[in-house]
1. Compute the acute angle (0 to 90°) between the alpha-carbon long axis of helix 189-198 and the principal axis of greatest extent of the alpha-carbon atoms of the chain; round to the nearest 10°.
2. Might you report the magnitude of the Cβ-based charge dipole of the chain about its Cα centre, with Lys and Arg at +1 and Asp and Glu at -1, to the nearest 20 debye?
3. Taking amide hydrogens as modeled 1.01 Å from N in the peptide plane, which residues meet the under 5 Å criterion relative to GLY186, leaving out close sequence neighbours?
4. Sort out for me the Cα centre separation of region 60-107 from region 116-137, rounded to whole Å.
5. Taking θ = phi - 60°, what integer Hz values does the Karplus form 6.51 cos²θ - 1.76 cosθ + 1.60 yield along region 156-172, in sequence order, with x for Gly and Pro?
6. Over all alpha-carbon pairs in region 105-235, figure out the percentage whose distance exceeds 22 Å.
7. At 25 °C and 0.890 mPa s, what whole-number value in µm²/s does Stokes-Einstein give for the translational diffusion of the chain, with Rh from the Kirkwood sum over Cα pairs?
8. Based on the alpha-carbon set only, what is the convex hull volume of region 168-235 divided per residue, in Å³?
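Just so it is clear, none of the values below were taken in a lab; they were calculated from the coordinates. These numbers come from a predicted model, not from an experiment. Note that we place each Cβ from the backbone using ideal geometry, even for glycine, and neighbour counts take in every protein chain shown.
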Amino acid sequence: MNSDYAKKLILKTRQYYEKHGESFAISRQRDWPLFLALLQYIKKGDKVLDLGCGSGRFYSLVKQKGANYLGVDASKKLLRKARKSYPAAKFDYGDILDLKLAPQSFDVVAMIAVLHHIPSFALRKQALQKVKNALRPGGFVLLTNWNLGQKKFLRIRSRYFWQKILGLNKMDFGDILFKNKRYYHGFRKMEIARLLSACGFRVLQNYYEKRGKKAGRWKGENLVTVGRKLPIYPH
């Protein structure tokens, strides 16, 4: 994908969240069951970065584990919602592709429904390399991404696929514009595993999830992936 076009897609998605951030947060108030599955990688005293934190829903669970939390997001509206809901937590405004974080300063980085909004292999790799730099050796990256392999996305995936074949679509294969307002990349298990491996992570878990249970590709609502930074020292 052309880098300039990728940047336009990022801007379009961010404009959506800036405009609709408050209503979006209201629709996402419940804790996803998958959050509980991710908590096993967080222990007391850990430093946790919630990258693309949105309205801060992950904070309360991290706090229950006795870990230290920092939420970062590029939507000012969602950050206002987060600060109002969780005044004791720390939230910063930041761009995932331009992180200014001290090397090896976190034990865990959570990217919940984030990476699928980053267009192009090059930019996704750039983001994960910054995450790796911010993690201590043996630290964990916790990823969830929409499963666009679900049958409910068949029509929109087919439309963008054939547009790509006909040269009418500047995005990559597997990409969609959901309701023509925000960009998503539909990861496959092998694809995201290779991406993490290329960025210096060992893949520990990689499965489709639905209502807290593992599911087949067509039924799982999210693709859940956990990577551990190499080399691995005692964590």
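1. Tilt relative to the chain: about 60 degrees.
2. 620 debye
3. Hits under the 5 Å cutoff: ASP175, ILE176.
4. 17 Å
5. 5, 5, 5, 4, 6, 5, 6, 4, 5, 4, 8, x, 9, 10, 7, 7, 7
6. For region 105-235, the share of Cα pairs beyond 22 Å comes to 38 percent.
7. Answer from the Stokes-Einstein relation: 136 µm²/s.
8. Taking only Cα atoms, region 168-235 has a hull volume of 134 Å³ per residue.
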